[in-house]
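The values are calculated or read from the model by the stated rules, or taken from the named source; none is laboratory data. Treat the numbers as computed from the prediction; the structure is a model and nothing was measured. What goes into the accessible areas is simple: the full protein's heavy atoms, side chains included, and nothing from ligands, DNA or RNA. Shrake-Rupley method; radii C 1.70, N 1.55, O 1.52, S 1.80 Å.
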Amino acid sequence: MNHEPLTDAELDRLDAFLAGIGDTAMTLEEMDGYFAALICGPELVTPMEALAGVCGEGHAFESIAEAEEVTALLMRHWNIIADTLAQALTDDEVCYWPLLYQDEDGKASGNDWAIGFMEGVDEHPGSWDALFDDDDEAQALVPMLTLAHEHDPDPEMRPAPIDDEQRAELLEWMAAGLVDAYSYFAEDRMPPVAQVRREGPKVGRNELCPCGSGRKFKQCCGAGNTTLQ
């Protein structure tokens, strides 16, 4: 990895900044899930593009210094998630563990993280359909969907009550599902490869070289080649 994880003090700084914006901003846990979804998704997204979603539309920094500080912290955290997930593709022992709030008893609910993740999924409508419709791989998203809708206003959307043991399992599955989703869309995120095609007629090896040297093509620019296309 090329980026240093945020320290506890830096995470506290981000947490306080987001809380200071108010309800229009995400929580720190929600931001982590949101970033994870955008990084995992099939469309390439930059951390700067995600900034508006974290802070809320129309947010203005109080100063240039604040903008530089907060943006640098957000970008570092984004890069840590991206680096860890990229490493997990080749190392089975690596897994990105979601950044979760804990209550006074040290227990995490994971609701904010799952909600943030689903907001990231919804950022590009339809782009995740392939995974949702894949009968074999869609289970990767079950933990996120379950925790995101645990307290849904619509009773029909809520899962069955979740006890502590089930929640602990869901959080582990959520971390594993994150890697699975990242792997699933890995090829989609690859930038297109430009194909270079030479223009003009083919030149035979025994013909005069088009560079004007007066020598045969095979003894000049075409040395080691069969034809120039």
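May I ask you to give the solvent-accessible area per residue for the stretch 59-104, in square angstrom, as obtained with a 1.4 angstrom probe?
Working: 2780 Å² over 46 residues.
On a per-residue basis, 60 Å².
Rank these by accessible area, largest first, 1.4 Å probe: Thr84, Thr27.
From most exposed to least exposed: Thr27, Thr84.
Quick one: ranking Met174, Met48, Met190, Met75 by accessible area, 1.4 Å probe, largest first, what do you get?
Working: Met174 0, Met48 100, Met190 130, Met75 70 Å².
So the residues, ranked largest to smallest area, are Met190, Met48, Met75, Met174.
Taking the Kirkwood radius as the inverse of the mean 1/r across Cα pairs, report the Rg/Rh of the stretch 1-97. Don't skip to the end; give the middle numbers.
Details: Rg = 13.7 Å, Rh = 14.1 Å.
We get a ratio of 0.97 for the stretch 1-97.
Which value, in Å² rounded to 10, gives the accessible area of His124 with a 1.4 Å probe and all protein chains present?
50 Å²
Just reorder Glu69, Glu156, Glu49 by solvent-accessible area, largest first, 1.4 Å probe, all chains present. Numbers along the way, then the final one.
Values: Glu69 75, Glu156 160, Glu49 120 Å².
Greatest to least solvent exposure: Glu156, Glu49, Glu69.
Using only C-alpha positions, report the orientation-averaged shadow area of the convex hull of the stretch 102-175, nm², one decimal.
Details: hull surface 22.9 nm².
Here the figure is 5.7 nm², rounded to one decimal.
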